[in-house]
C-alpha cells in the first residue's frame, strides 16, 4: 500500500481548491493504490479497502453537489420564508411550514472526505504493524481449506439428478421429515410450518451470506414459531450466516437479535445492541413499543400508541412521530432530530437527548419491567 499517495491525497483535499477533474484524478490514483493492496484470497474480506472506492467517489460527488446546490437552497429558503412572513403580516392563517434548508458547508464535506482517506490509511498502517505476528503456515492452511470448500460447491453441469439430490439435502437441513418421500408433494400437502421451512430451504439454495427474514413467523402457531426460530438460529451457527430479522414481535427480537434498529415512518429512530434497546431505551417510540408489550408481571393497563402513522406520500415536517408523541416539543414539529450518540454502539434520533432539552423520565411501566429483568439475572433472553 502506498501510504505516501494517501497522505498526498489528504493534503490535496485539505487545501480545498480543486476542480472536479482534478478530484476525480486523485480519487482514481489513490483507489488504484488501495485496490492493489487488497488480499483477494483473504478469508475475512477487508471491508474498509473493498468499499473505499465507492465511498471516496460518493463523498467527492456530494462536495460538488453542495457547491452547486447550496445557493439554490439558500434562495429557496429565503423565498419561502419571505412569502410566509408576508402572509402572516397580512393576518392570514398559514398552515404550511418552511422546509428547513438542506445545505452543507464545503469545509464540512471536505472533513468527511479526509475522514474516508484517514480511515483506510489507519487500517493499512495497523495491518503493517501487525505483520510481524503473521503466521504463514496458518495462513496457507486457511487458504487451502477455503479453496477446497469453494471447489466442493462447483457444479460443472447441473443435471436433474443433481438438482433433486440438492433439493432433498436442503429439505433435510431445514428439518423436513422423510424428505425423499415428500420431494414430489404439492404445497397444499404441507402444513404451515413445513411450508415456511421449504421457503427457508429455497433461500439457502443460493448459499447466501445474509438471510433476510421478513415476518417469518407471523402466521404460524406459537409452538411452530418457536421451531422456526430455533431452525434459523441453528442455520445461523452452522452456515455462519448474518440474519436481518424484520418483525413487530418484541419477544422474537429479544430472542433473536444481537443488534436492533427501531424504525418509524421509514427511518431508523434508534439503534443499539439488544441489551441497550431493552434496558436503556431513549426514543419515545421505543418507549411506546415497550410500554405496550404485555408480560406476566404487569398488572396495570398497557399504554397504546395514539393516532395513526403519517401519510408518507406527504411526509410531515420535523419528527414523523411528533403527532403521536406525548413528549413532543415545538422543535419536533419544525425540524427532524439528528442521531445523538448515547454510547459508541447506541444512537437515538430524538430532541430529548439535546443538552438543552427538559429532563424526561421513561414511563414507569418500563422502568419497573427493567428492574424486574435485572433482578432475575439481567439477561433479556
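The values are calculated or read from the model by the stated rules, or taken from the named source; none is laboratory data. All of these numbers come straight from a predicted model, not from anything done at the bench. Here Cβ is always computed from backbone atoms with ideal geometry, including for glycine, and neighbour counts include all displayed protein chains.
Do the conditions hold for residue 294, that is, is it touching a helix residue (DSSP H, G or I) at 6+ places or on another chain (Cβ under 8 Å), in a loop (DSSP other than H, G, I, E, B) and without any contact (Cβ under 8 Å) to a residue 40 or more places away in the chain? Taking the combined requirement at face value, the residue does not satisfy it. Return the only residue of 260, 232 being surrounded by 18 or more Cβ atoms within 10 Å (Cβ to Cβ) and farther than 20 Å from residue 278 by Cα. Among 260, 232, only 232 is surrounded by 18 or more Cβ atoms within 10 Å (Cβ to Cβ) and farther than 20 Å from residue 278 by Cα. Identify the residue in segment 282-301 that is within 21 Å of residue 359 (Cα to Cα) and over 21 Å from the mean Cα position of the chain (by Cα) and, among all such residues, is surrounded by the most Cβ atoms within 10 Å (Cβ to Cβ). For segment 282-301, the residue satisfying everything is 288. Annotation: residue 56 fulfils all but one of (1) within 30 Å of residue 145 (Cβ to Cβ); (2) touching a residue at least 40 places away in the same chain (Cβ under 8 Å); the unmet one is (1). Listed by first and then second residue, the pairs linking a residue in segment 86-114 that is assigned by TED's automatic domain parsing to the domain that holds residue 64 to a residue that is surrounded by 11 or more Cβ atoms within 10 Å (Cβ to Cβ) and outside any helix (DSSP H, G or I), with Cβ atoms under 7 Å apart and 6 or more places separating them unless they lie on different chains, are 87/94; 88/94; 97/317; 97/334; 99/317; 100/335.
The test for being farther than 30 Å from residue 369 by Cβ, loosely packed, with under 15 Cβ neighbours inside 10 Å, out of contact with any helix residue (DSSP H, G or I) (no Cβ under 9 Å at 6 or more places or on another chain) and modelled with pLDDT of 90 or more does not hold for residue 189.
Being more than 29 Å from the chain's Cα centre (by Cα), closer than 19 Å to residue 8 by Cβ and exposed (fewer than 14 other Cβ atoms within 10 Å of the Cβ) is true for just one of 74, 83, 22. Which residue is that? When all the criteria are applied, what remains is 22.
Of the residues making up segment 172-186, those that are over 23 Å from residue 207 (Cβ atoms) and either at pLDDT below 90 or not in a helix (DSSP H, G or I) (or both) are 177, 178, 184, 185, 186.
Taking the numbered list (1) under 22 Å from residue 168 (Cβ atoms); (2) under 23 Å from the mean Cα position of the chain (by Cα); (3) loosely packed, with under 15 Cβ neighbours inside 10 Å; (4) at pLDDT 90 or above in turn, residue 204 passes all entries but (3). Scanning segment 207-229 for residues that are surrounded by 12 or more Cβ atoms within 10 Å (Cβ to Cβ) and either part of a helix (DSSP H, G or I) or free of Cβ contacts under 8 Å to residues at least 12 places away in the same chain (or both) gives 224, 225, 226, 227, 228, 229.
Note on segment 338-380: among residues that are surrounded by fewer than 13 Cβ atoms within 10 Å (Cβ to Cβ) and in contact with a strand residue (DSSP E or B) (Cβ under 9 Å, 6 or more places away or on another chain), the one that is nearest to residue 252 (Cα to Cα) is 345. From the list 157, 148, 169, 164, pick out the single residue that is part of a helix (DSSP H, G or I), more than 34 Å from the chain's Cα centre (by Cα) and either at pLDDT below 90 or within 24 Å of residue 238 (Cα to Cα) (or both). Answer to the selection: 164. Candidates 304, 328: the one that is surrounded by 16 or more Cβ atoms within 10 Å (Cβ to Cβ), in a loop (DSSP other than H, G, I, E, B) and more than 24 Å from the chain's Cα centre (by Cα) is 328.
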